[in-house]
Amino acid sequence: MKQRAYTVRLYEFDQLDELSEEQVLLVNSAIKAARDAYAPYSEYHVGAALHLANGEIVIGSNQENAAYPSGLCAERVAIFYAGARHPDVPILCIAIVAIREGVIQEGPVAPCGACRQVMYEKESQANAPMEVILYGSKKIQVINQVTDLLPLPFKLENLS
């Protein structure tokens, strides 16, 4: 028997002004997206903002539906929109923010498993790391690449 350990490597910050100017712009775009989310059932508003290799910022917000689970997470809304608009442009970074009762969550919120899988595939397609910024008003986490969040992904070769 072999035992293996996987670790998540991340950097933690206390304040937004500790991030780069580009990261701050991305977080602010994710905050705006979260405020515009359609979440009348959960009242949990999530926003995601992507920085694409062509310089464009693409946003997405969670979109709920009375026929659960027909809604879609903010991360996948943004990634699928970017893929439809710019199919061959890599995503350099994604920022994710959650708002509850009009207040940004104090701690960062990590993407769900389905979103992590989609993020992994986009990172793999680009053959370049996608930085992940998880923003909370009192703690910010920055992960260098999606594979740190999903060390055991389902891969294309699994379908063969």
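The values are calculated or read from the model by the stated rules, or taken from the named source; none is laboratory data. All values derive from a computational prediction rather than experimental measurement. Quick reminder, even Gly has a Cβ in these numbers, built from the backbone with ideal geometry, and neighbours come from all protein chains shown.
The table that follows gives values for the structure above.
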item	result
Strands (runs of 3 or more DSSP E) completely within the range 9-120 that count 1 or more residues being under 25 Å from P153 (Cα atoms) and among the charged types (D, E, K, R)	11-13
Members of the range 53-87 that are modelled with pLDDT of 95 or more, farther than 20 Å from Q117 by Cβ and surrounded by fewer than 16 Cβ atoms within 10 Å (Cβ to Cβ)	A53, N54, G55, E56, R85
